[in-house]
Amino acid sequence: MARQQRAIRTRARIIAAAGECFSESGYRATRVADVAERAGAALGTLLFHFPAKTDIANAVIEQQHRIVMEAATAVDEMNSPSGIQDIIVVSAKLANLISTNPVVRAGLRLSTESVEDLGISSAQPYLDWTRQCVQLLEKARAAGELAEGIDLEHFAEVINSAFTGTQFMSSAVSGSSDLPERLARLWPILFSQVVKADCTSESVQRLLDDHSTLIDAETPAEEEAASAIESGTAEAE
């Protein structure tokens, strides 16, 4: 049991270190030895867990997806009456993760820059997020928040495109540190075009005024990734 726990901790530390390396340098410029050094692990130990660099990268992407899905699930469990509120809160959580969590940044970078190297499709995460937005917009329509005649599929794509474009600009300008603030400026402009004129939802009005106050603290998965490298020195398996 103790050996198994050491293996789990070592694997987590390697993934966290890989997230930092891939986030900083990209897939092609990152060497396996760089990840081992950052993790404080012997190269042989790393190769025991991840025989190839593609295995490390795919593990980072899987971890990024798990962290993001936990954030989305947490919003769903709030059971709020507002679909617009849910969209903005999810985006705030994602912005916080992107700006503070190297594994999340690395997963997104790998999923866009390195699809040929890793043999993955870059389209699926965007399609999944668009489908989720459609579901939340349906909730908003049922709650009487949206103006008549809004094509939910098209507007979900607009939301996705706006978030992605803002994310890329934030990454280029500030290394993603200002993403929450950029989204706080974006959403009032975007959603004011589709919110029903007589919408009486106080939460929607408050969120459109300023959703940045809803950017929350680290999720458990984020804390795990952030602390993995600091958890100790490498343990031979």
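The values are calculated or read from the model by the stated rules, or taken from the named source; none is laboratory data. Just so you know, these numbers come straight off a predicted model, no measurement behind them. Using ideal geometry, Cβ is built from the backbone for each residue, glycine included, and neighbour counts are taken over all protein chains shown.
For segment 175-183, indicate whether the set of residues that are basic (Lys, Arg) and either modelled with pLDDT under 90 or more than 20 Å from the chain's Cα centre (by Cα) (or both) is non-empty.
No, the conditions are met nowhere in segment 175-183.
From GLU77, GLU70, which residue is touching a helix residue (DSSP H, G or I) at 6+ places or on another chain (Cβ under 6 Å), surrounded by fewer than 19 Cβ atoms within 10 Å (Cβ to Cβ) and among the charged types (D, E, K, R)?
On the way: GLU77 fails: touching a helix residue (DSSP H, G or I) at 6+ places or on another chain (Cβ under 6 Å).
Among GLU77, GLU70, only GLU70 is touching a helix residue (DSSP H, G or I) at 6+ places or on another chain (Cβ under 6 Å), surrounded by fewer than 19 Cβ atoms within 10 Å (Cβ to Cβ) and among the charged types (D, E, K, R).
Determine if segment 186-197 includes at least one residue that is farther than 30 Å from GLN4 by Cβ and either modelled with pLDDT under 85 or in contact with a Gly (Cβ under 7 Å, 6 or more places away or on another chain) (or both).
yes
What residue, among those in segment 31-63 that are of a type in the set (Val, Ile, Thr) and either under 18 Å from ASN101 (Cα atoms) or within 21 Å of the chain's Cα centre (by Cα) (or both), is surrounded by the fewest Cβ atoms within 10 Å (Cβ to Cβ)? Break it down stepwise before answering.
To start, the set of residues in segment 31-63 that are of a type in the set (Val, Ile, Thr) comprises 32, 35, 45, 54, 56, 60-61.
If we keep only those that are either under 18 Å from ASN101 (Cα atoms) or within 21 Å of the chain's Cα centre (by Cα) (or both) too, we end up with 35, 54, 56, 60-61.
Numbers: VAL35: 26, THR54: 15, ILE56: 27, VAL60: 32, ILE61: 22.
Result: THR54.
Give me the residue from segment 30-64 that is part of a helix (DSSP H, G or I) and out of contact with any helix residue (DSSP H, G or I) (no Cβ under 7 Å at 6 or more places or on another chain) and, out of that set, nearest to VAL195 (Cα to Cα).
Among those that are part of a helix (DSSP H, G or I) and out of contact with any helix residue (DSSP H, G or I) (no Cβ under 7 Å at 6 or more places or on another chain), it is GLU62.
Could you tell me which of the residues ARG109, ARG66 is within 30 Å of THR10 (Cβ to Cβ), modelled with pLDDT under 90 and touching a Ser or Thr at 6+ places or on another chain (Cβ under 7 Å)?
ARG109
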